[in-house]
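The values are calculated or read from the model by the stated rules, or taken from the named source; none is laboratory data. Model, not experiment: these values are computed from the prediction. Positions of Cβ are backbone-derived with ideal geometry, glycine not excepted, and every protein chain shown enters the neighbour counts.
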Amino acid sequence: MKYEVAIEIPFNNADLCPSVLNAIKPDNITAPSGVEIEMKCYIDRLRIVVKGFNVGVLTIRNTIDDIFIHLLSAYKVLELLVKNG
């Protein structure tokens, strides 16, 4: 079975997208076997595509959960820096 999930995250500040991408990219290098993660900034939005090949739906869901956890952490830190810096 093949799965593909696309996620787009808009940013109020276009400068945050590359910083968030750089913050979470290392966490996604070690994706589970059979899972590919593509990430790219488009001006003020981050697009993430998770593809699964011959893996269970729970593997995809867990991978997406991990991405959201890392996104939230990175965004909160960078948002604080922008407000205070």
Q. Among Lys2, Lys40, which is among the charged types (D, E, K, R) and touching a residue at least 40 places away in the same chain (Cβ under 8 Å)?
A. Lys2
Q. Between residues in the range 56-72 that are over 20 Å from Lys2 (Cβ atoms) and residues that are modelled with pLDDT of 90 or more, which pairs lie under 9 Å by C-beta distance while being six or more apart or on different chains?
A. Phe68/Ile7; Leu71/Ile7; Leu71/Ile9; Leu71/Leu46; Leu71/Ile48
